[in-house]
Amino acid sequence: MKAAVYEGPRTVTVKDVPDAKIEHPCDIIVKITTTNICGSDLHMYEGRTSFESGRTLGHENMGQVVEVGSAVRKVQVGDYVVLPFNIACGFCKQCEQGLTNYCLTMQPEPALAGAAYGFADMGPYQGGQAELLRVPYGDFNALRLGEDAVERQTDYVMLADIFPTGYHATEMAHVKPGDQTIVFGAGPVGLMATYSALLKGAGRVWTADHQPDRLRKAEEIGAIPINTSEQNPAEVVKEATLGLGADNGCECVGYQAHDPQDHHEDASLTLNGLIDSVRFTGDIGVVGVFLPEDPGGAEAQGELEAQGKVPIDFGMMWFKGQRMGTGQAPVKKYNRALRDLIAGGKAKPSFVVSHELSLDEAPTAYEHFDARDEGWTKVVLHPNGHGNGHKR
Ligand code: NAD
Ligand code: ZN
């Protein structure tokens, strides 16, 4: 089968790899119809993780079941399914509590938790930017879709990661109807956090980034854009809230946050921006990725950050009595409800999509998305068919 394989920093090639096959009676094999490139893939693409050369990328996957293992009971051949990026067993101490983001048994390192497809430090699993994907514990991990699966595939595929992840940021931040919420980052995840806050009935949502095309998308769905190359988000928000700040905030950028002017990386930028922008006792949800070590970041950020140490304004955070939630999103906690919002016509997360391409076009797509080129907000790949003409 064909797959998009990581070959080293900034090199992805599409080549033949062995077909995905059933390895355990609970596995299913999914023919991938729809798979996205994620901001998380870019950390790997840039060589800023321990991701191994020769591995297939892709953790935002949807497709049609073509084979089921002998112990699979619910999922059937022919079903359209969307797969949470987390791979989980369903029976460990963490999964029992709904914490599939930190499943204990799918992660082979005893001291670690959490597994994902085609992802650094999250188990040996291949990614889904390929014609076929092996899904462990298919009955537990696959979310089945209705008859509109193909028609709405660019909406449903967002259930694999960014829609639930953006929603999770708003859950950790405790966004409620009427709240005033600030989101740092207008990438796909920031746009989904913005969208989720608005779906929850937030009174006012600001979205901060320096990319005008992404800010335009935020504005289109009803947010107030803040261009960080012109304005300081904390000042804008305080000015609008009697000096108090937003009720809560979401971090959707991660450790490669950078200065809008000189592009110098500074992993503390957005965290400090949030501590400043959010009011006393407000909550902050951090879904942007931060790493325990970032050797590749020594040059960009300094020795401290290379060791995963991020200098944040903890004194101010403590003084303000704020709380911060962090980590990978437990996709399964939200994907069913969000699916039904899509099915009911109440949510349309595909507004983030800028490009639908064939798998062969993955190398070019990585290049443009990594450069955050104007107009490349979210790329959807179709491994078993052709892209439908590039730009939407
Ligand atoms: P992306 O890289 O496309 O978007 C990041 C955005 O942040 C860009 O638009 C960039 O211009 C902006 N940005 C950079 N520095 C900034 C700053 N100082 N202030 C404001 N904005 C700034 O990535 P994405 O797909 O939107 O993902 C965002 C983050 O979320 C990544 O770190 C990704 O790995 C992470 N992620 C986490 C989870 C999870 O489960 N926790 C899931 C998916 C993605
Ligand atoms: Zn992702």
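The residue that is farthest from residue 240 (Cα to Cα), counting only those in region 250-302 that are within 16 Å of ligand 2 (Cβ to nearest atom) and of a type in the set (Phe, Trp, Tyr), is 290.
Going by the conditions given, is residue 300 within 13 Å of ligand 1 (Cβ to nearest atom) and assigned to a helix (DSSP H, G or I)? Considered against the rule, which asks whether it is within 13 Å of ligand 1 (Cβ to nearest atom) and assigned to a helix (DSSP H, G or I), residue 300 comes out as yes. Quick check on my filter: what residues within region 306-332 are in contact with a helix residue (DSSP H, G or I) (Cβ under 6 Å, 6 or more places away or on another chain) and at pLDDT 95 or above? Matches in region 306-332: 312, 313, 316, 317, 325, 328, 329, 330, 331, 332. The residue pairs whose first member lies in region 318-342 and is more than 15 Å from residue 95 (Cα to Cα), whose second member is surrounded by fewer than 16 Cβ atoms within 10 Å (Cβ to Cβ) and hydrophobic (A, V, I, L, M, F, W, C), and whose beta carbons are closer than 8 Å, counting only pairs six or more residues apart or on different chains, are 320/280; 321/280; 322/280.
Every condition in (1) surrounded by fewer than 21 Cβ atoms within 10 Å (Cβ to Cβ); (2) farther than 25 Å from residue 254 by Cα; (3) within 16 Å of ligand 2 (Cβ to nearest atom) holds for residue 32 except the one numbered (1). One residue stands out among those in region 156-194 that are charged (D, E, K, R) and closer than 20 Å to residue 86 by Cβ: the one that is nearest to ligand 2 (Cβ to nearest atom), which is 161.
Would you please name the residue that is farthest from residue 129 (Cα to Cα), looking only at residues in region 1-44 that are in a loop (DSSP other than H, G, I, E, B) and within 16 Å of ligand 1 (Cβ to nearest atom)? Among residues in region 1-44 that are in a loop (DSSP other than H, G, I, E, B) and within 16 Å of ligand 1 (Cβ to nearest atom), the one farthest from residue 129 (Cα to Cα) is 10.
Which one is nearest to ligand 1 (Cβ to nearest atom), of the residues in region 268-280 that are within 11 Å of residue 317 (Cβ to Cβ) and surrounded by fewer than 24 Cβ atoms within 10 Å (Cβ to Cβ)? Don't jump to the end; show me each part of the working.
Residues of region 268-280 within 11 Å of residue 317 (Cβ to Cβ): 271-272, 274-276, 278, 280.
This time we only want the ones that are surrounded by fewer than 24 Cβ atoms within 10 Å (Cβ to Cβ), so: 272, 276, 280.
Values: 272: 10, 276: 12, 280: 23 Å.
Ranking the qualifying residues of region 268-280, first place goes to 272.
Can you tell me which residue among 308, 315, 321 is in the same structural domain as residue 285 (by TED's automatic domain parsing) and assigned to a helix (DSSP H, G or I)? Give the derivation first.
Numbers: 308 fails: assigned to a helix (DSSP H, G or I); 321 fails: assigned to a helix (DSSP H, G or I).
Going through 308, 315, 321 in turn, just one is in the same structural domain as residue 285 (by TED's automatic domain parsing) and assigned to a helix (DSSP H, G or I): 315.
No other residue among 58, 78, 98 is assigned to a loop (DSSP other than H, G, I, E, B), within 16 Å of ligand 2 (Cβ to nearest atom), modelled with pLDDT of 95 or more and closer than 30 Å to residue 148 by Cα apart from 58.
If you check 191, 215, 198 for being within 19 Å of the chain's Cα centre (by Cα) and away from ligand 1 (no atom under 15 Å from the Cβ), only one passes: 198. Criterion first (among the acidic types (Asp, Glu), surrounded by fewer than 22 Cβ atoms within 10 Å (Cβ to Cβ), more than 10 Å from ligand 1 (Cβ to nearest atom) and free of Cβ contacts under 8 Å to residues at least 12 places away in the same chain) does residue 220 satisfy it? Against the criterion (among the acidic types (Asp, Glu), surrounded by fewer than 22 Cβ atoms within 10 Å (Cβ to Cβ), more than 10 Å from ligand 1 (Cβ to nearest atom) and free of Cβ contacts under 8 Å to residues at least 12 places away in the same chain), residue 220 does not qualify.
In this structure, residue 366 does not satisfy being within 16 Å of ligand 1 (Cβ to nearest atom), closer than 19 Å to residue 200 by Cβ and of a type in the set (Ser, Thr, Tyr).
Scan region 27-42 and give yes if some residue there is more than 27 Å from residue 151 (Cα to Cα) and charged (D, E, K, R), otherwise no. Within region 27-42, not a single residue is more than 27 Å from residue 151 (Cα to Cα) and charged (D, E, K, R). Pairing residues of region 23-48 that are farther than 17 Å from residue 87 by Cβ with residues that are among the small types (Gly, Ala, Ser) and within 16 Å of ligand 1 (Cβ to nearest atom), at Cβ distances under 7 Å and at least 6 apart in sequence or on separate chains, gives 37/365; 39/187; 47/296; 48/296; 48/297.
Of the residues 132, 99, 145, the single one that is in contact with an Asp or Glu (Cβ under 9 Å, 6 or more places away or on another chain), within 25 Å of residue 341 (Cβ to Cβ) and surrounded by 18 or more Cβ atoms within 10 Å (Cβ to Cβ) is 145.
Take the conditions (1) assigned by TED's automatic domain parsing to the domain that holds residue 38; (2) within 16 Å of ligand 1 (Cβ to nearest atom); (3) surrounded by fewer than 24 Cβ atoms within 10 Å (Cβ to Cβ); residue 172 misses just one of them, which is (1). Taken together, 386, 382 contain a single residue that is over 15 Å from residue 255 (Cα atoms) and at pLDDT below 95, which is 386. Look through 138, 166 and report the one residue that is of a type outside the set (Phe, Trp, Tyr), buried (at least 21 other Cβ atoms within 10 Å of the Cβ) and within 17 Å of the chain's Cα centre (by Cα). 166 is the lone residue from the list that is of a type outside the set (Phe, Trp, Tyr), buried (at least 21 other Cβ atoms within 10 Å of the Cβ) and within 17 Å of the chain's Cα centre (by Cα). Residues considered: 243, 249, 185. Of these, the only one that is at positive phi and surrounded by 24 or more Cβ atoms within 10 Å (Cβ to Cβ) is 185.
Scanning region 57-75 for residues that are surrounded by fewer than 21 Cβ atoms within 10 Å (Cβ to Cβ) and within 14 Å of residue 133 (Cα to Cα) yields a count of 4.
Please state which one of 78, 47 is surrounded by fewer than 20 Cβ atoms within 10 Å (Cβ to Cβ) and within 16 Å of ligand 1 (Cβ to nearest atom). Break it down into steps so the answer makes sense when it comes.
Working: 78 fails: within 16 Å of ligand 1 (Cβ to nearest atom).
After applying the criteria, what remains is 47.
The values are calculated or read from the model by the stated rules, or taken from the named source; none is laboratory data. Here the structure is a predicted model, which is why all the values come from computation and not from measurement. Here the Cβ is made from the backbone with ideal geometry for all residues, glycine too, and neighbour counts use every protein chain on show.
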